[in-house]
Amino acid sequence: MTRRGHMTPEQLQKLMADESGGEGGSSLEEAERIVDEVLRRKHHIAKFTRRNLTIEDFNYLLFSTELNPPIGDKVHQNMDAPLSHYFIFTGHNSYLTGNQLSSNCSDLPIADALRRGVRVVELDLWPRGNDDVCVNHGRTLTKPVKLGKCLESIKANAFATSKYPVIITLEDHLTPKLQSKVAKMITQTFGDMLYYHDSECCKEFPSPEELKERFSYQQNLQRSELEKVEKEKEEFISFFSEK
């Protein structure tokens, strides 16, 4: 970019050459054609008073499937390196239909996120009574959804857009008994599609290419919070019992 925040055709040509690794880099004429096409499409200009791109113009170019074909469905990068070598499209509170305080929890936002290409889905697990598990944004007014419904939605929509692996992140606020139940639900839902990583014999994760159409999950234990709540509850009951 120039000091005024504009990209000239020469700068665009250099960027394309750098990104292609020197293989079949575009000519200056091609860069000029792309600049002209962006200005024509975005600003509807037939006669150009300037021949450079603003930051907004460049953003338009990056996300145009016609002017920037590599952003389409075809993968142009090497996908044979270990999974940890890549940036991964990650969701946050993937189950919420709206705000984080009072909206509903549902399997529908999960399905939508996966169809948009999200590869990491986050589920917050909380007890529902003594024997059931729900997905909810804890200590808020959000309405929970059953875990089984979310898992089925993940399985049904995971590879609709991309065949690369899906990682399920579990924020675990459960007792050991309910954790065991969740483990059974996950293995029953995903079966042979579930990838188990053995850190002792395998120092690095397999590549995205090797993990196509596979699921993995990461468990973040939050039991200390749950135990603290249970302890406070017991102390509260004990206090009034003594009265």
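Per-structure values
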read-out: At q = 0.09, 0.15 Å⁻¹, base-10 log of I(q)/I(0) for the stretch 83-232 (Debye sum, equal scatterers on each alpha carbon); value: -0.28, -0.79
read-out: Size of charge dipole - the stretch 83-232 - debye, nearest 20, with Cβ of Lys, Arg +1 and Asp, Glu -1, no other charges; value: 360
read-out: Distance in nm between pseudo-label sites at LYS163 and SER84 (7 Å out along the Cβ direction from Cα); value: 2.7
read-out: Exposure proxy order (Cβ contacts within 10 Å, fewest to most) of PHE63, PHE159, PHE89; value: PHE63, PHE89, PHE159
read-out: Label-to-label distance, nm, for residues given as LEU67 and GLN188 (7 Å Cα→Cβ offset); value: 5.3
read-out: Length released on extending from SER102 to GLU32, taking residue separation times 0.36 nm less the Cα-Cα span; value: 20.1 nm
read-out: Relative contact order (%) - the stretch 82-153, alpha-carbon pairs under 8 angstrom, separation at least six; value: 33
read-out: Greater than 24 Å apart at Cα, pairs in LYS155/LYS184; LYS146/LYS181; LYS177/LYS203; LYS74/LYS212; LYS146/LYS203; value: LYS177/LYS203; LYS146/LYS203
read-out: Interchain or long-range residues, amide H under 5 Å from TYR217's placed H; value: ILE168
read-out: Pairwise centroid distance, computed over Cα atoms, of the stretch 151-179 with the stretch 98-147, Å; value: 11
read-out: Karplus 3J(HN,Hα) series, Hz, for the stretch 53-61 with 6.51 cos²θ - 1.76 cosθ + 1.60 (x for Gly, Pro); value: 10, 7, 4, 5, 5, 5, 4, 4, 5
read-out: Loop trypsin sites (Lys or Arg not before Pro), the stretch 136-189 (other Cβ atoms within 10 Å of the site Cβ: 16 or fewer; DSSP); value: ARG139, LYS163
read-out: HN-Hα J in Hz across the stretch 123-138 - Karplus 6.51, -1.76, 1.60, θ = phi - 60°, x for Gly and Pro; value: 10, 9, 9, 9, x, 10, x, 8, 10, 10, 10, 10, 9, 7, 8, x
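A short reminder: the numbers here are calculations on the coordinates, not readings from a lab. Just so you know, these numbers come straight off a predicted model, no measurement behind them. Glycine also receives a Cβ, built like all others from the backbone with ideal geometry; neighbour counts cover every protein chain displayed.
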